[in-house]
Amino acid sequence: MFKKLIAALAFALAACAHTSAQTTSPASENGKLLEQTAFQFPAYEGFDGWIKNYLTAADYERLRNSPDLELLRIKYASDGLAVTGFIYKPRRVEGRKLPVVFYNRGGIGPGSEIGAQNFNYVAEMYRLASEGFVVLASQYRGYDGAGGRDEAGGADTNDVLNLVALARTLPYVDAEQMFMWGYSRGAVMTLQAIRQGVPLRAAVVVGAPTDYHDLATRGEGFFRDTFPDYDRRKEEHLTNRSAVRWADRVSVPLLILHGGDDRLRPSQVHRLAERLEAAGKLYEMVVYAKDGHPVARNYEDRMRRTVDWFKNPRAFSIVQTLRETIEREGAAAAVKRYHELRRTQPRAYDFSEGQLNALGYELLATGRATDAVEIFKLNVEMFPQGFNTYDSLGEAYAAVGNKELAIKNYRKSLELNPRNTNAVERLKRLEGN
């Protein structure tokens, strides 16, 4: 499949000087679409052998002549530069709002761009577009005619953030359903975008370097040549690219896919998983034994998992967030936090009745009945037709010694569900019958 791997790891690459002419955007507004044209598909005969092994001539013709999808080559404004990118989308988008995937390629230096040399990127973007997503990708500054300098996860991360800004201006994009995919250096930029607060519903990283301090122990030549003023700003650069140092800020459901790769050892993502676990983050990780950096041998499986992760995004449990808020600020602040998150991130968390009920009983079991009352009151407020919410609130009121309100809530529970035998038994005891 992938016989010619894209340059993947910063420490393994020789530094390169970019000779593109400095190109400035005619507009200073970040994320502005400056131009778009139809992508000119190359002739199949001109592909390298590894691409032909990856994509048959018949598959290529279906992709190139798709009646439903089109690939646009664009330029957009990013920090005063006219950066090249791509949009893969349905041909007919009138009146539609579609989910979007930001596709962050890997590779550094000549030959790493999306195009004929690395047509696998185009094929993967096509696969995602075929699943109903609008796909946006950047070539990053310093490539494909854009000015600027590739910093491999430095200032060029703004090219990803400004692509997100561009997506918000497209009438056919649903800004509430944004996803991000990144490979190698693109995985680093994906994690950085998450840290900077891009409101993604889910993200996937493949072959992600997560600990640059570890990578620096194996050689710093590339880092010194690529990261601006490296010797003076070394700690800043390494930390900025090391998600293990700020895993607590990765507040997006994250799928980590990695090969058993001797160039980027699985210990990199294992360390990230440990930090995510400790911070209570939502993630899944798959390490494919005896596979390489781009997980090429298990390509179909990683694509299947990617599409599923985007189409069926996992939701964070609201319990942990509210629990932490109660510990820091009290139950009233947790109720306020619940309403805030439900308003601002309605799809990111599981706001279900069962979540609040579980937290309330956790508080009861640990002797915090007063806090439990506030959580169960919130559950009644949010789910007024749920008989169990009143049943639980009745139990909490009984625990704090408020017999009158306990009886009132058990009666309401029975009104909603006359077969609630727990409420019947509780009322008998409370009313002395």
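The values are calculated or read from the model by the stated rules, or taken from the named source; none is laboratory data. Treat the numbers as computed from the prediction; the structure is a model and nothing was measured. As a convention, Cβ positions derive from the backbone with ideal geometry for all residues, glycine included, and neighbour counts pool all protein chains shown. Accessible surface is based on the protein model in full, side chains and every heavy atom, while ligands, DNA and RNA are left aside. Shrake-Rupley method; radii C 1.70, N 1.55, O 1.52, S 1.80 Å.
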Legend entry - Degrees separating the helix 157-169 axis from the principal Cα axis of the chain, which is the longest one: 70
Legend entry - Extreme residue, positive dipole direction of the chain, given options Gly367, Gly31, Ser392 (C-beta unit charges): Ser392
Legend entry - the chain - mean residue ellipticity at 222 nm from DSSP helices (-39,500 (n - 2.57) per run, n ≥ 4, rounded to 500): -13000 deg cm²/dmol
Legend entry - Helix axis angle, 369-382 relative to the chain longest principal axis, alpha carbon, degrees: 70
Inset, instruction - Calculate how steeply helix 387-399 sits against the longest principal axis of the alpha-carbon atoms of the chain, using the helix alpha-carbon long axis, and give the answer as 0 to 90 degrees to the nearest 10. - result: 60
Inset, instruction - Kindly provide the pair-distance distribution of segment 207-252 built from C-alpha pairs, with 10 Å bins from 0 and whole-percent values in order of increasing distance. - result: 27, 53, 17, 2
Inset, instruction - Give Lys281/Lys311; Lys281/Lys336; Lys403/Lys428; Lys52/Lys97; Lys336/Lys408; Lys281/Lys377 a once-over and call out the pairs whose C-alpha atoms are over 23 Å from each other. - result: Lys52/Lys97; Lys336/Lys408; Lys281/Lys377
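Suppose all protein chains stay in the model; what accessible area per residue would a 1.4 Å probe give for segment 65-192, in Å²?
Solvent-accessible surface per residue comes out at 26 Å².
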Inset, instruction - Grab every C-alpha pair in segment 291-419, bin the distances at 5 angstrom width from 0 up to the longest one, and report whole percents. - result: 2, 11, 17, 18, 14, 10, 8, 6, 5, 4, 3, 2, 1, 0
Inset, instruction - With all distinct Cα pairs included, what does the Kirkwood hydrodynamic radius of segment 257-339 come out to in Å, to one decimal, could you say? - result: 15.2
Inset, instruction - Using amide H atoms built 1.01 Å from N in the peptide plane, name the residues 5+ places from Arg105, or on other chains, whose amide H lies under 5 Å from its own. - result: Ser138
Inset, instruction - Give me the aspartates and glutamates in straight-line cross-link reach of Lys75: C-alpha distance below 12 Å, same-chain residues under 8 apart excluded. - result: Glu35, Asp144, Asp159
Legend entry - segment 348-433 - Rg (one decimal) and Dmax (whole number), Cα, Å: 12.3, 47
Inset, instruction - May I ask for the percentage of alpha-carbon pairs in the chain that lie more than 26 Å from each other? - result: 61
Inset, instruction - Looking at the chain, send over the antiparallel percent of its DSSP beta bridges, to the nearest 5. - result: 45
Inset, instruction - Would you kindly calculate the translational diffusion coefficient of segment 195-331, applying Stokes-Einstein with the Kirkwood radius from alpha carbon pairs, for 20 °C and a viscosity of 1.002 mPa s, and quote it in µm² s⁻¹ without decimals? - result: 129
Inset, instruction - Whole Å is fine, so just give me how far the alpha carbon centre of segment 385-433 lies from that of segment 279-341. - result: 36
Inset, instruction - Report, by chain and number, residues whose modeled amide H sits under 5 Å from the one on Ser317, excluding near sequence neighbours (fewer than 5 apart, same chain). - result: Asp350
